[in-house]
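Let me begin by handing over the structure; questions about it come next.
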Amino acid sequence: MTRSVLNSASFADNSVTNAKIASNAVGTAELIDNNVTAAKLTPTSVTVANAGEILGSTFWSWDTSVASATNNGWQTMAGPVQLGSNVQNTMNNMLSVTFFGYISSGSYYWTWRIYDTTDNNVVLPIGASKKTGWYGNADGTGGGFSFRGSVHNASQQPAQCFDITGRDNHNVILQMHGSNGGGSSVSTSSQTLYADQIFFYAGFMSGMHNETGY
Amino acid sequence: MVTLAQYITDLTNGCDYLDQMVSTSNQDQTRIKEIIDGIEYQLSLPMVTESDEDLNDFHVSVAAGKAYLAGLGD
């Protein structure tokens, strides 16, 4: 059986010339009329659903969320956000999050975390055991980030990167909770929690971001 | 969605907490300043400043807290 192989030798002997390409191979008319149609592009190429999963892009954003801490437990501030069907390929197994947050004036401080409502566990940051500001268990049963900046004024939280390995199609949410003075454990308070300009990024992002997420 | 009523509730509770710190002679200057900063932050929000609410009691509480804080620094 003979197989046709297209290799560098094939090109070297003038089999593909500019003239051939220009005149016959792929013409404007062919593109417009037959080859590339909207129907062909939409299902497989770039859709609204997967455009946000391009590595490094803003995956999801949300403005102005408020929750009363008088309700005991972790308060949902944003989400649920459904991760893509292949987070390894589209997000390198990483989700980065930054937002502005504070708790109204009173006796308590605040803390935050990303929670997986599909698996019902805490999404751990990359390098949780040595992560500055992270406290809690390494098995996803607890933990969170201590607030940064002014506790009772809207303060931007540095972008934190989370390990989402194996969480294909899972729903995740941003949660906040009243806390002790250091922001390293949860406490029930009667104050109000605020989150604003919440950004989820596909992949790894670090540092501080302005109000448009850059 | 944040409402004006939510901010007024926060300011009421925050000022009550600040008043309590002053009346009990709390010595934690850092904490008192955090509380004052938080109240002033919410008092400065457009939804609050542009409202018809009487904000005088809140300003009185903040002024008293600042005066107390200044005294602690002596």
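Taking the square root of 5 times each eigenvalue of the Cα gyration tensor, what semi-axes in Å does the equivalent ellipsoid of chain B have, largest first?
Listed largest to smallest, the semi-axes of chain B are 24, 11, 10 Å.
Among B:9, B:70, B:60, whose Cα lies farthest out toward the positive end of the dipole of region B:4-72, if unit charges sit on the beta carbon of Lys, Arg (+1) and Asp, Glu (-1)?
The residue sitting farthest along the positive end of the dipole is B:70.
Whole-Hz ³J(HN,Hα) for each residue in region A:170-180, computed from phi via Karplus 6.51 cos²θ - 1.76 cosθ + 1.60 with θ = phi - 60°, x for glycine and proline: what do you get?
7, 9, 10, 9, 8, 10, 10, 8, x, 8, 6
Turning to a different aspect of this structure: If you place +1 on the Cβ of every Lys and Arg, -1 on the Cβ of every Asp and Glu, and leave all else neutral, what size is the dipole of region B:4-72 about its Cα centre, to the nearest 20 Debye?
Dipole of region B:4-72, to the nearest 20 debye: 360 debye.
Laboratory data are not the source of any read-out in this text; all were calculated from the coordinates shown. Worth saying up front: this structure is predicted, and the values here are computed from it rather than measured. Don't worry about glycine lacking a Cβ; one is built from the backbone with ideal geometry, like all the others, and counts go over all protein chains shown.
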